[in-house]
Amino acid sequence: MSGKSLELLKAPIQVVLVEPKIPSNTGNIIRLCANTGAKLHLVGPLGFLIDDAKMKRAGLDYHERCSFKVYDSWDTFLINNNPQNNKSFSITTRGKKSFFLNNVPKNSWLFFGSETKGLSDSQRTFFNPQHHLRIPMYRDSRCLNLSNTVAICIYEIWRRHELKIAK
């Protein structure tokens, strides 16, 4: 980075974890969001208590530096946030289009389902059919770890839009 003063971005990306099950994944994502300015939304029911020791260990002291909110349910999340459908994308192994070939705007909402079952059929109906995206992988391989997938998506949006943060 140059010596110039760089813009500090305020929540350029909204990350939505729907019914996450693994506390260490959520802890890693809290840490990632704290370091990238992304806002995190945790949609329940969660598969762990928010003060789970494994989650706290993975997130270390980043809980105070990450803007995140917990919602009891999908419906509660939608009522409280009303995300724009044209800026909402589900990241799923069922997606037909590559995340890298889609021009995802910097102020988008990225939705990730639980590690064990993804988004439900009813949750998937919220999205424009063209907004179900996937991270390319070898055929017949297991899906990527949730926290790795979120990191790939956030940093690809940064790269594509040349986002910068202050030193």
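The values are calculated or read from the model by the stated rules, or taken from the named source; none is laboratory data. What you see is a predicted model, and the numbers here were worked out from it, not measured in a lab. When we count neighbours, we look across all protein chains shown, and the Cβ atoms used for this are built from the backbone with ideal geometry, even at glycine.
Computed values, structure above
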| quantity | calculated |
| --- | --- |
| Residues within region 121-143 that are touching a Ser or Thr at 6+ places or on another chain (Cβ under 9 Å) and either surrounded by 11 or more Cβ atoms within 10 Å (Cβ to Cβ) or closer than 20 Å to N81 by Cα (or both), tallied | 12 |
| Residue that is nearest to K21 (Cα to Cα), among those in region 105-117 that are of a type outside the set (D, E, K, R) and within 13 Å of the chain's Cα centre (by Cα) | S114 |
| Qualifying residue in region 45-54 (condition: modelled with pLDDT of 90 or more, on the phi < 0 side of the Ramachandran plot, of a type outside the set (K, R) and surrounded by 18 or more Cβ atoms within 10 Å (Cβ to Cβ)) | yes |
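This table checks each residue for (1) at pLDDT 95 or above; (2) surrounded by fewer than 14 Cβ atoms within 10 Å (Cβ to Cβ); (3) among the basic types (K, R).
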residue	(1), (2), (3)
D61	no, yes, no
K69	no, yes, yes
K96	no, yes, yes
F111	yes, no, no
